[in-house]
Amino acid sequence: MATTSMTTYTAKLIDGPLEGKTISTSFLDSGDPQPRLELPAPSGGKRYLYVRGSASETEYASDDPTASLPSAVAYRYVETVFD
């Protein structure tokens, strides 16, 4: 079960070159999920830009379901950024 003191969540990459991968990432200080992720390509020399989508999964803490943070958030591919 998730708790309200959770500081990380799972980012699900739903399309693009990293489609189907998941990573663990941290919430912003405000408690919101990251609006965008820049992930290094396995081959190096470039990064993949993903932005937050509207889909998320939430696990509720047993004591206060309204204060719970998402446990997983979907991210969509935008572009490849070359170094």
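The values are calculated or read from the model by the stated rules, or taken from the named source; none is laboratory data. Owing to the predicted nature of the structure, the values given are computational and were not obtained by experimental measurement. For the accessible areas, the whole protein counts, side chains as well, though only heavy atoms, and no ligand, DNA or RNA atoms are used. Shrake-Rupley method; radii C 1.70, N 1.55, O 1.52, S 1.80 Å.
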Nearest-5 percent of antiparallel DSSP beta bridges in segment 8-82?
85 percent
What accessible surface, in Å², does a 1.4 Å probe find on Ile14, ignoring ligands, DNA and RNA and rounding to the nearest 10?
70 Å²
